[in-house]
Amino acid sequence: MLLQASDIHVSFPEASPFFLRRRRRPVLKGVSLFLREGQCLGIVGESGCGKSTLGRVLIGLLRPERGRVLVCGEDLYDRRGTKARRCGSVVFQDYTSSVNPRFRIEAVMNEPLRTLEGLDKRELRERAAELLERVGLGGGFLERYPHQLSGGQLQRVCIARALAGAPRFLLLDEAVSSLDVSVQVQIMDLLAELKETHGLSYLFITHDLEAVTYLCDSVLFMHDGVFVEETGDVSRIGDVTHPFARQLLSAVAGFDMA
Ligand SMILES: Nc1ncnc2c1ncn2[C@@H]1O[C@H](COP(=O)(O)OP(=O)(O)O)[C@@H](O)[C@H]1O
Ligand SMILES: [Mg+2]
């Protein structure tokens, strides 16, 4: 098992007048999931239901108040869990703010590469070029600045950067949502190809059910901080019964609701 989360609880303080005790609003209310080797697991749900919060918990950015996250056999929130923290890597939606606009792509790529091994300058450059090749960009992109790239190209750079530490799974949080539809398809084809060639697994977080069915083999439906339904086989997604899952499904253009 690559990743196993059990009974995750997270709450955030509510805005309230200073004289009242700050109450906390539960955002994740006992969420459990697992991700197998080579699996693409989709997590769908309407905006604000807690998907990104869960993503942050699963990638080591937010310690849950309750519950446990095991990644590559180690507790992610154990101080010694270094293997766990390297096991997964994340790609966010907002590729423009994920890279420093003043850095050339070479420097963008060097950020994660530098922390890994004692590579010299030439080796760093080779590694960066190699990673860019893998996502369909040539080494020529190393010299460019982010503003000289299209949205799709920049998101490819973010994917290449996420691959720097040779992770076993990628967490993609709305990573294709803000791209044009044709570019979305290209990026998802790239992800499918990386899955084949590198045996990568994915946690694919999105509000877009269509993207999920394109890439994932199973889907979890989230509503208001809990999972309400799971589809183990994406080709049978039309069989979901929970009202919120059906509501999401009916929003997909052309989906025939039996
Ligand atoms: N750091 C935070 N502090 C307070 N509230 C937050 C914080 N992060 C998220 N929230 C709230 O938690 C809820 C779930 O947010 P999020 O996980 O981003 O949802 P989603 O990704 O599904 O749209 C939202 O109501 C959001 O406002
Ligand atoms: Mg989100």
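The values are calculated or read from the model by the stated rules, or taken from the named source; none is laboratory data. The model shown is predicted, which means the values in this text are computed figures rather than measured ones. Every residue, glycine among them, receives a Cβ derived from its backbone with ideal geometry; neighbour counts consider all protein chains shown. Each accessible area value is taken on the protein alone, full model and side chains, heavy atoms only, with ligands, DNA and RNA left out. Shrake-Rupley method; radii C 1.70, N 1.55, O 1.52, S 1.80 Å.
What are the pairs, 6+ residues apart or on separate chains, where a residue within the stretch 39-68 that is over 29 Å from Arg246 (Cβ atoms) has its Cβ under 8 Å from a residue that is among the small types (Gly, Ala, Ser) and within 10 Å of ligand 1 (Cβ to nearest atom)?
Filtered contacts from the stretch 39-68: Glu65/Ser11.
Determine whether the stretch 161-173 contains at least one residue that is surrounded by fewer than 20 Cβ atoms within 10 Å (Cβ to Cβ) and assigned to a helix (DSSP H, G or I).
Checked the stretch 161-173: no residue is surrounded by fewer than 20 Cβ atoms within 10 Å (Cβ to Cβ) and assigned to a helix (DSSP H, G or I).
Residue-by-condition table, conditions (1) buried (at least 19 other Cβ atoms within 10 Å of the Cβ); (2) at pLDDT 95 or above:
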{"residue": "Glu46", "(1), (2)": "no, no"}
{"residue": "Gly55", "(1), (2)": "yes, yes"}
{"residue": "Glu65", "(1), (2)": "no, yes"}
{"residue": "Pro112", "(1), (2)": "no, no"}
{"residue": "Glu117", "(1), (2)": "no, no"}
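Identify all residues within the stretch 117-136 that are in contact (Cβ under 8 Å) with a residue 12 or more places away in the chain and more than 21 Å from the chain's Cα centre (by Cα); write none if there are none.
Matches in the stretch 117-136: Leu124, Arg125, Arg127, Ala128, Ala129.
Arg79: at pLDDT below 90 and either surrounded by 12 or more Cβ atoms within 10 Å (Cβ to Cβ) or assigned to a helix (DSSP H, G or I) (or both), yes or no?
The answer is no for Arg79.
For the stretch 202-239, enumerate the residues that are crowded, with 21+ Cβ neighbours inside 10 Å and hydroxyl-bearing (Ser, Thr, Tyr).
Result: Tyr202, Thr206, Thr231.
Among the residues that make up the stretch 169-179, is at least one of them within 16 Å of ligand 2 (Cβ to nearest atom), polar (S, T, N, Q), over 20 Å from Ser150 (Cβ atoms) and under 15 Å from the mean Cα position of the chain (by Cα)?
no
Exactly one of (1) under 19 Å from Ser6 (Cα atoms); (2) of a type outside the set (A, V, I, L, M, F, W, C); (3) in contact with an Asp or Glu (Cβ under 8 Å, 6 or more places away or on another chain); (4) touching a residue at least 60 places away in the same chain (Cβ under 8 Å) is unmet by Gly88. Its number?
(3)
Regarding the stretch 113-124, can at least one residue be identified that is more than 16 Å from ligand 1 (Cβ to nearest atom) and in contact with a Cys (Cβ under 9 Å, 6 or more places away or on another chain)?
No: zero hits.
Spot the failing condition for Leu61; the list is (1) more than 29 Å from Tyr214 (Cβ to Cβ); (2) part of a loop (DSSP other than H, G, I, E, B); (3) within 16 Å of ligand 1 (Cβ to nearest atom); (4) open to solvent by 30 Å² or more (accessible area, probe 1.4 Å), and only one is missed.
Failing condition for Leu61: (1).
Just need a number here: residues in the stretch 61-107 that are under 30 Å from His147 (Cβ atoms) and among the aliphatic types (A, V, I, L, M).
Going through the stretch 61-107 one residue at a time, the tally reaches 6.
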